[in-house]
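Enquirer: Below is one structure. I have some questions about it.
The values are calculated or read from the model by the stated rules, or taken from the named source; none is laboratory data. None of these values were measured; they are calculated from a predicted model. Because the Cβ atoms are built from the backbone with ideal geometry, glycine has one as well, and the counts that use them run over all protein chains shown. These accessible areas exclude ligands, DNA and RNA; they are computed on the full protein's heavy atoms, side chains included. Shrake-Rupley method; radii C 1.70, N 1.55, O 1.52, S 1.80 Å.
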Amino acid sequence: MNTELTFLLSLSCVLPLVVYLFTSQRADRRYLPLIFVFLFAFLVETSVYLNMKYFHVKGGMYWMYTFGLLVWPGFYLRFFRYMDVIRSRKSAEIIFVSFLVLIFCNWFFLYKKEGFFNFFRMGIAYASIILFFYVNLFSRQILSENRDLLRSPLFYIGLAGVSFHAFYIFTGTITLLKLSDGGFMNAVQDIMKWVNAISYLIFAIGILWIPQTKTSIKSS
Amino acid sequence: MDPANKDLYQIILIGAGILVAILVYFVVAIIRQQRKVYHWQQDRIAAEITTLENERKRIAADLHDELGPVLSAVRLQINHLEPEDETEKMVLARSTSQIDEVIQRFREISYDLMPNTLLRKGLSRAVEEFAEKMQLANGLNINFSGEEQRMQPEKELNVFRIVQEIVHNTIKHARAGSLVIELRFRNNKMLLYTKDDGLGFDYREKEQRGGLGLLNLQSRVALLKGNLQLDTQPGKGTVYNIEIPV
């Protein structure tokens with residue numbers, strides 16, 4: 001897959017942002033941390049593309065994605081806290097700090113040896129934590145949703161989150177095992193790029209259902 | 001990609017396919033389970049509301065048949081007493097006034113339990129009567145306009161309870177000066193619109209605190225297979241738009 005198509009697929013994170021721009025006026029503010037996740041995903045992907053195309057800073061991609069990994073869990077944990085998936089603030093803080101320690105240890109002890117592959121271990125740890133909460137969020141819909149599930153924003157957000165992070169763990173593990181040559185690894189990563197695009201499309205559908213939940217309810 | 005890697009890639013694609021299948025199964029199972037739980041909850045709410053209304057009906061009938069005649073008889077007997085001095089006269093006057101109060105309160109309770117107007121004259125007339133009573137008792141300016149079209153008695157009773165709940169909420173929490181209630185029938189649907197100029201509220205905060213009044217409204221609307229839309233913000237009043245299929 002060429003750089004342009006890769007960049008185009010990674011830009012799918014703009015879709016939920018665009019949808020949010022049109023629906024933000026009366027949108028429930030509890031969803032805002034999730035919007036920030038998409039915003040930072042967009043910034044990271046754009047920086048990675050610009051670096052690959054023009055600047056060629058050594059290790060730039062690693063640091064940009066690592067920056068993403070430092071930012072996303074904070075917003076995600078806040079989002080899960082707002083959605084009552086995480087009950088106490090203290091739990092969220094403990095998870096966040098433990099994750100930061102894990103990232104630091106991974107970088108400090110293994111980066112020199114593994115280079116960019118080192119990122120996948122952090123990515124898998126991150127995806128596992130977020131997937132755990134997404135499954136929780138998704139399955140809670142059974143009891144908490146008192147309307148058609150297909151009209152619930154959390155259903156789509158949960159579905160996209162579960163798909164994205166489950167596939168990330170799958171492809172990340174294969175990549176981390178360094179099963180074969182570079183061409184093979186790129187082919188494995190291509191699967192993730194398509195999953196990425198589909199997931200953001202589902203996220204965008206979820207964002208579309210958010211409006212007006214703060215000042216108004218509609219139940220049927 | 002060399003042939004060995006090609007085979008491995010195919011295995012990985014199959015693995016990805018299995019992951020997709022698991023996800024699809026997971027989603028379908030969640031949707032089915034949620035629908036099952038939703039219907040079960042609806043049935044339970046319906047059973048609870050029906051039991052509640054039957055019990056109210058029974059209490060109203062008991063009050064009317066057993067307590068009503070006794071109170072009237074007591075009132076009649078008091079009227080026939082002949083006081084001998086001023087003290088007795090005063091006691092008699094006080095007793096008459098108290099028994100009148102009891103009869104008046106008894107009528108109000110009976111009306112709240114099961115309004116006769118609703119059964120005899122229909123929803124619109126019952127809501128109008130209720131609005132007049134509440135306006136007199138609480139000083140809230142209620143503007144009611146409605147069309148009359150008979151529906152099933154259970155449906156009329158539930159809509160009446162919805163109106164009661166909204167009016168009580170407006171008086172109890174909204175501190176509103178006026179309330180508009182409109183009852184219309186369009187395209188085989190009953191449309192109930194209410195708007196007050198009160199305090200309004202933060203829906204999310206209310207939801208977290210578990211407001212029972214709002215939950216009652218939602219349950220009754222769901223029981224009637226209708227739609228409820230609530231628009232409110234602190235300081236901006238409250239608007240209800242309710243649609244019930246006739």
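Enquirer: Please find, among A:Ile130, A:Ile207, A:Ile157, A:Ile103, the residue that is in a helix (DSSP H, G or I) and within 14 Å of chain B (Cβ to nearest Cβ).
Expert: A:Ile157
Enquirer: Go over the candidates A:Phe164, A:Phe184, A:Phe203 one by one and state the one that is open to solvent by less than 40 Å² (accessible area, probe 1.4 Å) and over 13 Å from the mean Cα position of the chain (by Cα).
Expert: Answer to the selection: A:Phe184.
Enquirer: Identify all residues within region B:1-14 that are open to solvent by less than 80 Å² (accessible area, probe 1.4 Å) and either facing chain A (nearest Cβ under 7 Å) or of a type in the set (A, V, I, L, M, F, W, C) (or both); write none if there are none.
Expert: B:Ala4, B:Asn5, B:Leu8, B:Tyr9, B:Ile12, listed by residue number.
Enquirer: If a residue must be among the polar types (S, T, N, Q) and closer than 16 Å to A:Gln189 by Cβ, how many such residues does region A:1-59 contain?
Expert: Of the residues in region A:1-59, 5 are among the polar types (S, T, N, Q) and closer than 16 Å to A:Gln189 by Cβ.
Enquirer: Can you find, within region A:29-59, the residue that is nearest to the chain's Cα centre (by Cα) among those that are of a type in the set (D, E, K, R) and buried (at least 17 other Cβ atoms within 10 Å of the Cβ)?
Expert: Ranking the qualifying residues of region A:29-59, first place goes to A:Glu45.
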